[in-house]
């Protein structure tokens with residue numbers, strides 16, 4: 001059975017380490033910093049046998065060159081020549097098997113145009129999602145390259161996943177996202193309760209992740225753009241904005257979040 005642990009990097013990144021009890025082989029997801037990966041490998045006596053990448057931003061890719069310098073290992077990632085080091089480019093509906101676990105690829109443009117996510121429904125344990133910067137707990141990635149329509153379609157793919165799917169995002173943004181979520185839905189008691197729980201975790205320097213799809217459907221306003229409470233809040237915040245579709249609600253919500261303090 002696959003084991004997953006967080007390697008903290010930079011100010012708020014997580015590089016996810018995948019391993020299994022039956023061997024010393026492991027993979028990492030979005031290694032922006034090679035040094036913290038090497039330290040963890042040495043500490044746990046693990047052998048790196050592959051890398052998964054979700055998109056081209058430097059804090060997800062800068063460690064690839066150093067980690068592959070003396071290792072002949074596969075690097076899976078988007079079909080994007082801008083990412084130096086990808087050996088196995090991936091597209092929608094592709095699959096790959098690592099550590100005896102099969103992952104399915106979904107394209108999720110919005111944050112970037114090349115963004116992909118890795119989803120697995122193993123025989124044992126809950127489904128797993130490595131979603132990069134598309135979905136954050138209680139939030140979503142900024143629309144640096146894509147449109148609100150693209151991101152809404154990407155979110156629709158994630159909303160359709162089993163509710164017990166464990167969600168592994170790559171940034172510890174949960175508390176700040178929950179502050180915004182509470183401003184959008186102040187009467188949502190699930191947001192208040194989750195914010196209290198995450199506050200306790202962070203005070204202990206523990207990750208707030210993984211989340212679950214079930215939880216995100218309850219507390220994440222970007223997963224709730226079809227809910228009257230979210231639509232009403234967006235209308236009150238931006239009364240002159242056209243809101244005739246979920247994508248327009250999503251776009252207005254993201255603009256609100258961009259300027260939220």
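Odds and ends about this structure:
- Among (1) more than 26 Å from residue 202 (Cα to Cα); (2) touching a residue at least 12 places away in the same chain (Cβ under 8 Å) - the single one residue 160 does not satisfy: (2)
- Qualifying residue in segment 42-56 (condition: part of a strand (DSSP E or B), touching a helix residue (DSSP H, G or I) at 6+ places or on another chain (Cβ under 8 Å), without any contact (Cβ under 8 Å) to a residue 40 or more places away in the chain and surrounded by 14 or more Cβ atoms within 10 Å (Cβ to Cβ)): yes
One line per residue, one yes/no per condition, for (1) part of a helix (DSSP H, G or I); (2) within 16 Å of residue 12 (Cβ to Cβ); (3) in contact with a helix residue (DSSP H, G or I) (Cβ under 7 Å, 6 or more places away or on another chain):
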{"residue": "149", "(1), (2), (3)": "yes, no, yes"}
{"residue": "153", "(1), (2), (3)": "yes, no, no"}
{"residue": "157", "(1), (2), (3)": "yes, no, no"}
{"residue": "164", "(1), (2), (3)": "no, no, yes"}
{"residue": "167", "(1), (2), (3)": "no, no, yes"}
{"residue": "175", "(1), (2), (3)": "yes, yes, yes"}
{"residue": "183", "(1), (2), (3)": "yes, no, no"}
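- Counting the residues of segment 93-109 that are in contact with a strand residue (DSSP E or B) (Cβ under 8 Å, 6 or more places away or on another chain), modelled with pLDDT of 95 or more and within 28 Å of residue 147 (Cα to Cα) gives 8.
- Residue identified as farther than 26 Å from residue 130 by Cα and crowded, with 20+ Cβ neighbours inside 10 Å among 234, 198, 249: 234
- Of all residues in segment 93-108, none satisfies being within 25 Å of residue 183 (Cα to Cα), within 12 Å of the chain's Cα centre (by Cα) and part of a loop (DSSP other than H, G, I, E, B).
The values are calculated or read from the model by the stated rules, or taken from the named source; none is laboratory data. Keep in mind that what you see is a predicted model, and the values were worked out from it rather than measured. Neighbour counts run over all protein chains shown; Cβ positions are idealised from the backbone, glycine included.
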